[in-house]
Amino acid sequence: MSDTSGNMFLDQVSVYVKSGDGGAGCMSFRREAHVPKGGPDGGDGGKGGDVILRAEPQVASLIDYRFKHHFSAERGAHGKGSKLSGARGADLILPVPVGTVVRDLQTGEFYGDLDEPGAELCVAEGGHGGLGNPHFVTSTRRAPAFAQLGEPGEERALTLELKLLADVALVGMPSVGKSSLIARMSAARPKIADYPFTTLVPNLGVVRAGGGSFVVADVPGLIEGAHEGKGLGHAFLRHIERSALIAQVVDLSGGFEERDPVVEFETIRGELLAHADELGQRPFVIVGNKSDVEGASERSAQLADYASGREIDYFEVSAVTGAGISSLERALATKVAELRQQHASVEAPPKRFIYRPDSSAPSAYHVSKLGEHLYSVTGRGIERLVLQTEWDNEEAIVYLQGRLIKLGVEEALLGAGARDGDTVRILGREFELDTGLAPEGDRSDA
């Protein structure tokens, strides 16, 4: 979405990321003078680079991802002889605004909330490098003629959604004067005109008052039914969620429709509560704007009585003349300072963190029955072994079978009802179960 001045504020994008593939391990043997047959000396492959989102305070929107959607990290280098390991692939750091929420594009699964400067979210972990052939030496396998392939990197489709971080959110009907208020209170210069929906993007401004400062957001006008997607409200209601304090602005002039100020307040209040129940617990004040307009004093008195009866703080102001603005700024600054103090008393999470999706234990796996004689095995560690196996190397396949037995996969299959001759599928690869335990002729279809 964009404003008519040509400035772009983008608050939701889709991106596709791929971490780097791991480098392949090397199958090599020493070749030295006077040593006709040296031992294995293949190096390991390097790990692929991760894709990491980092919250950067200087990034204001997601505009950088409007036209470019695909991003890949560097792959790891292959191992070499003489036990030379491949270099690790460089991580890909994607800067995003503070306040970015990350979800899976298809499933909507929540990945993380980058709500603090410097916070990091690893959305795709680089593939592990393959092991060189020295790792597979045993008492009976002195010269392993195989190594592991590198693990492919992870691919993910993501939705990045920006929720503005502001101390105070100015909300209200279209053309109640929120843009004029933020312009009067701060150095922000939003587009202002006397017609509905002048503000097509949220505006942020810094207000200095009472020896401190706070950030105020002018959220585009809401109308009745905004939580259902009507008007412009649906796209911007989420920006209110992060604000510590809500300042609901009411038009004391009555607006184009000569609205009753109390009805106007309750209409917008209802939209906030319909969007998120938690907004009902958020501290808020009522601001009656356009006190300079004829007839405003009567509407202001009506609104003041309503607020007093419900112990809600009420402020009468004029963004045009500046009347009441200083008192409003000082009161908001005091409330924001109190809320910050309350927040500081609660133990905060680390400012920097890395969240890794699909972080289940590598050794965990699950056996499922897909058909009468068909079973599947899923699990990160098991799948990694299959991906890193060189399938045209018989010795590598024998090693994989041994690893699966040691990990208890064969026993788990038998426990799930599988029998010799059944098909086992792992990542599209199919194997015939052969434990050597089934008596001859035990199968009815043999």
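Considering only residues of region 247-303 that are part of a loop (DSSP other than H, G, I, E, B) and basic (Lys, Arg), which is modelled with the highest pLDDT?
As a first pass, look at region 247-303 and keep what is part of a loop (DSSP other than H, G, I, E, B): 252-260, 276, 282-283, 290-295.
If we keep only those that are basic (Lys, Arg) as well, we get 259, 282, 290.
Details: ARG259: 79, ARG282: 85, LYS290: 93.
Only one residue tops the list, namely LYS290.
Just to be sure, is TYR306 within 18 Å of LEU181 (Cα to Cα), surrounded by fewer than 22 Cβ atoms within 10 Å (Cβ to Cβ) and modelled with pLDDT of 95 or more? Spell out how you get there, then give the answer.
Working: within 18 Å of LEU181 (Cα to Cα): no; surrounded by fewer than 22 Cβ atoms within 10 Å (Cβ to Cβ): yes; modelled with pLDDT of 95 or more: yes.
Judged against the criteria, TYR306 is not a match.
Identify all residues within region 90-101 that are over 27 Å from GLY129 (Cβ atoms) and part of a strand (DSSP E or B); write none if there are none. Even if it seems obvious, please write down each step before you answer.
Start the filter on region 90-101 by keeping residues that are over 27 Å from GLY129 (Cβ atoms), which leaves 95-101.
Selection gives PRO95, VAL96, PRO97, THR100, VAL101.
Looking at region 363-411, which of its residues are farther than 19 Å from LEU131 by Cβ, out of contact with any His (no Cβ under 9 Å at 6 or more places or on another chain), in contact (Cβ under 8 Å) with a residue 24 or more places away in the chain and among the hydrophobic types (A, V, I, L, M, F, W, C)?
VAL367, LEU370, LEU374, VAL409
Within region 268-303, how many residues are within 40 Å of the chain's Cα centre (by Cα) and surrounded by 18 or more Cβ atoms within 10 Å (Cβ to Cβ)? Full working, then the answer.
Keep residues of region 268-303 that are within 40 Å of the chain's Cα centre (by Cα), which gives 268-289.
Then keep just the ones that are surrounded by 18 or more Cβ atoms within 10 Å (Cβ to Cβ); that gives 268, 271-272, 275, 279, 284-289.
Looking only at that region, the number is 11.
If the requirement is being open to solvent by 20 Å² or more (accessible area, probe 1.4 Å), out of contact with any Ser or Thr (no Cβ under 6 Å at 6 or more places or on another chain), over 22 Å from ILE63 (Cα atoms) and in contact (Cβ under 8 Å) with a residue 24 or more places away in the chain, which of these qualifies: ARG156, ARG88? Write out each step before concluding.
Details: ARG156 fails: over 22 Å from ILE63 (Cα atoms).
Result: ARG88 is the single residue among ARG156, ARG88 that is open to solvent by 20 Å² or more (accessible area, probe 1.4 Å), out of contact with any Ser or Thr (no Cβ under 6 Å at 6 or more places or on another chain), over 22 Å from ILE63 (Cα atoms) and in contact (Cβ under 8 Å) with a residue 24 or more places away in the chain.
Inspect all residues belonging to region 46-54 and state whether any of them is within 36 Å of the chain's Cα centre (by Cα), surrounded by 15 or more Cβ atoms within 10 Å (Cβ to Cβ), of a type outside the set (Asp, Glu) and over 17 Å from GLU155 (Cβ atoms). Before you say what the answer is, go through the steps one by one.
Just the residues of region 46-54 that are within 36 Å of the chain's Cα centre (by Cα), to begin with: 46-54.
Keeping just the survivors that are surrounded by 15 or more Cβ atoms within 10 Å (Cβ to Cβ) gives 46-54.
Filter once more, so that each one left must be of a type outside the set (Asp, Glu): 46-49, 51-54.
With the extra rule that they be over 17 Å from GLU155 (Cβ atoms), the set shrinks to 46, 54.
Checked region 46-54: at least one residue is within 36 Å of the chain's Cα centre (by Cα), surrounded by 15 or more Cβ atoms within 10 Å (Cβ to Cβ), of a type outside the set (Asp, Glu) and over 17 Å from GLU155 (Cβ atoms).
Yes or no, residue by residue, for (1) of a type in the set (Lys, Arg); (2) at negative phi:
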site	(1), (2)
SER376	no, yes
GLU383	no, yes
GLU390	no, yes
LYS406	yes, yes
ALA412	no, yes
GLY421	no, no
GLU432	no, yes
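Select from region 176-190 the residues that are hydrophobic (A, V, I, L, M, F, W, C) and surrounded by 21 or more Cβ atoms within 10 Å (Cβ to Cβ) and write down the one among them that is modelled with the lowest pLDDT.
Only one residue tops the list, namely VAL176.
Any chance you could count how many residues in region 2-33 are assigned to a loop (DSSP other than H, G, I, E, B) and either exposed (fewer than 15 other Cβ atoms within 10 Å of the Cβ) or at pLDDT 90 or above (or both)? Walk me through it before giving the result.
Restricting attention to region 2-33, the residues satisfying the condition of being assigned to a loop (DSSP other than H, G, I, E, B) are 3-7, 9-11, 19-28, 30-31, 33.
This time we only want the ones that are either exposed (fewer than 15 other Cβ atoms within 10 Å of the Cβ) or at pLDDT 90 or above (or both), so: 4-7, 19-28, 30-31, 33.
Residues that pass the stated criteria total 17.
Give me the residue from region 402-426 that is out of contact with any strand residue (DSSP E or B) (no Cβ under 7 Å at 6 or more places or on another chain) and part of a loop (DSSP other than H, G, I, E, B) and, out of that set, nearest to TRP391 (Cα to Cα). Quick ask: steps written out before the conclusion?
We begin by selecting, within region 402-426, every residue out of contact with any strand residue (DSSP E or B) (no Cβ under 7 Å at 6 or more places or on another chain); these are 402-408, 410-411, 414-415, 419-420.
Filter once more, keeping what is part of a loop (DSSP other than H, G, I, E, B): 407-408, 419-420.
Numbers: LEU407: 20, GLY408: 22, ARG419: 24, ASP420: 22 Å.
Among them, the one singled out is LEU407.
Please find, within region 325-355, the residue that is modelled with the highest pLDDT out of those that are of a type in the set (D, E, K, R) and open to solvent by 80 Å² or more (accessible area, probe 1.4 Å). Talk me through it step by step, then tell me what you get.
Restricting attention to region 325-355, the residues satisfying the condition of being of a type in the set (D, E, K, R) are 329-330, 335, 338, 340, 347, 351-352.
Imposing the further condition that a residue be open to solvent by 80 Å² or more (accessible area, probe 1.4 Å) reduces the set to 330, 338, 340, 347, 351-352.
Numbers: ARG330: 93, GLU338: 88, ARG340: 77, GLU347: 51, LYS351: 54, ARG352: 58.
Among residues in region 325-355 that are of a type in the set (D, E, K, R) and open to solvent by 80 Å² or more (accessible area, probe 1.4 Å), the one modelled with the highest pLDDT is ARG330.
Given the condition modelled with pLDDT under 85, closer than 21 Å to GLY177 by Cβ, more than 39 Å from the chain's Cα centre (by Cα) and surrounded by fewer than 20 Cβ atoms within 10 Å (Cβ to Cβ), answer yes or no: does some residue in region 316-324 qualify? Step through it out loud before you land on a result.
Of the residues in region 316-324, the ones modelled with pLDDT under 85 are none.
No, there is no match, as no residue in region 316-324 is modelled with pLDDT under 85, closer than 21 Å to GLY177 by Cβ, more than 39 Å from the chain's Cα centre (by Cα) and surrounded by fewer than 20 Cβ atoms within 10 Å (Cβ to Cβ).
Can we say ARG142 is open to solvent by 70 Å² or more (accessible area, probe 1.4 Å), more than 14 Å from SER19 (Cβ to Cβ) and at pLDDT below 95?
Numbers: open to solvent by 70 Å² or more (accessible area, probe 1.4 Å): yes; more than 14 Å from SER19 (Cβ to Cβ): yes; at pLDDT below 95: yes.
Yes; evaluated as a whole, the condition is true for this residue.
Which members of region 131-181 meet the condition of being under 24 Å from VAL386 (Cβ atoms), in contact with a Lys or Arg (Cβ under 6 Å, 6 or more places away or on another chain), of a type in the set (D, E, K, R) and assigned to a loop (DSSP other than H, G, I, E, B)?
Within region 131-181, the subset under 24 Å from VAL386 (Cβ atoms) is 131-138, 140-141, 144-157.
Still in the running and in contact with a Lys or Arg (Cβ under 6 Å, 6 or more places away or on another chain): 151, 153, 155.
Remaining after also requiring of a type in the set (D, E, K, R): 151, 155.
Selection gives GLU151 alone.
The values are calculated or read from the model by the stated rules, or taken from the named source; none is laboratory data. It should be emphasised that the depicted structure is a prediction, and the values quoted were computed from it without experimental measurement. Reconstructed Cβ throughout: ideal geometry from the backbone, glycine too, with neighbour counts over all protein chains shown. Protein only, heavy atoms only, side chains kept; ligands, DNA and RNA dropped before computing areas. Shrake-Rupley method; radii C 1.70, N 1.55, O 1.52, S 1.80 Å.
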